[in-house]
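Derivation of every value follows stated rules applied to the coordinates shown; laboratory data play no part. All figures in this text were calculated on a predicted structure; none of them were measured in a lab. Here the Cβ is made from the backbone with ideal geometry for all residues, glycine too, and neighbour counts use every protein chain on show.
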Amino acid sequence: MTPERAAAFVERHTRILHPPLVPEIALRLADRMMPIWQATEAWLAREGVEPPYWAFAWPGGQALARLVLDEPAMVEGRTVLDLAAGCGVAAIAAARAKAARVTAAEIDPLAAAAIAANAALNRVAVEVALGDPLHGEPSAEVILAGDVCYERAMTSRVWPWLRAAAGRGAVVLLADPGRAYLPREGLVPLTRFRVRVSRDLEDREERETTVYRVLG
């Protein structure tokens, strides 16, 4: 899949919306789940891409973005990695909070295209790293991880990597709305937000989402 085709797909299947917890950020998002999911399933059959998680501003990403915008000193002048960045909302917030350099890591080329489009929409610089960062050691001073504990396999890979990064001195912030596979140890809660969510995606209309500091 070429970057041009991915960008065209994102533009065709989204519209510009403002997530409820961070309305100052504009994002290309799907306003309903089923059309984008069906469109991406058809694309997946041809191209082998991931489901369209990038088309929604999940509560973890919104919570991280809100915290960073409210407390810019957490990232100002630092290098930041947004892990499994999705639509890139946390990365964009870090760039707006004057981080020295922001990288958004994703394995999905459609997500990479969405992040690039969203960064341009908000007139901020975000580097998109297409590939799996868990194969190496991160060099960022701050790591943002929103909604990464949604399934067992993902958590079993990302959790040791985040703990190791924290052990090497990185500030690792994990935001989670109560997913089943969130680890029970090694986390210090920093703040909580109530995030409005869509019933297309969740079993309720609001999710209490906690931002944690990950211990090394």
**Item:** Dipole magnitude of the chain about its Cα centre (Cβ charges: Lys, Arg +1; Asp, Glu -1), debye to nearest 20
**Value:** 280
**Prompt:** How far, in degrees from 0 to 90, does helix 3-13 lean away from the longest principal axis of the Cα atoms of the chain, to the nearest 10?
**Reply:** 80
**Message:** For a quick check, take a GNM of the chain with Cα springs below 10 Å and name the residue from VAL188, VAL68, VAL126 with the largest mean-square fluctuation.
**Reply:** VAL188
**Asked** For the chain, modelled as a GNM with alpha-carbon contacts under 10 angstrom, which of ALA129, ALA55, ALA145 fluctuates the most?
**Response** ALA129
**Item:** Dipole-positive endmost among LEU144, GLY61, VAL22 within the range 3-214 (Cβ charges, Cα centre)
**Value:** VAL22
**Prompt:** What residues qualify as long-range amide H neighbours of GLY146, i.e. H under 5 Å apart, gap of 5 or more or another chain, H built at 1.01 Å from N?
**Reply:** LEU83, ALA175
**Asked** Which distance in nm do the two modelled labels at GLU206 and HIS18 give, with both placed 7 Å along the Cα-to-Cβ direction?
**Response** 2.0
**Fill in**
Highest mean packing first, using Cβ neighbours within 10 angstrom, the peptides 97-110, 80-93 sort as 80-93, 97-110
**Request:** First measure r as the distance between the Cβ atoms of ARG152 and ARG5, then evaluate 1/(1 + (r/R0)^6) with R0 = 35 Å and state the FRET efficiency to the nearest 0.05.
**Result:** 0.60
**Prompt:** Is it possible to state the helix-based mean residue ellipticity at 222 nm for the chain, with each DSSP H run of 4+ residues giving -39500 (n - 2.57), the sum divided by total residues, to the nearest 500 deg cm²/dmol? What is it?
**Reply:** -11000 deg cm²/dmol
**Message:** Assuming 0.36 nm per residue, please report the length gained on full extension of the stretch ARG194 to LEU121 beyond their Cα-Cα distance.
**Reply:** 23.7 nm
**Message:** What does the charge count around GLU141 come to, taking other residues whose C-beta lies under 10 Å from its C-beta (Lys +1, Arg +1, Asp -1, Glu -1)?
**Reply:** +2
**Message:** Taking the 0 to 90 degree range and rounding to the nearest ten, how far is the long axis of helix 152-167 tilted relative to the main principal axis of the chain, both from C-alpha atoms?
**Reply:** 40
**ALA73-ARG179 pseudo-label distance in nm [points 7 Å out on the Cα-to-Cβ vector]** = 3.1
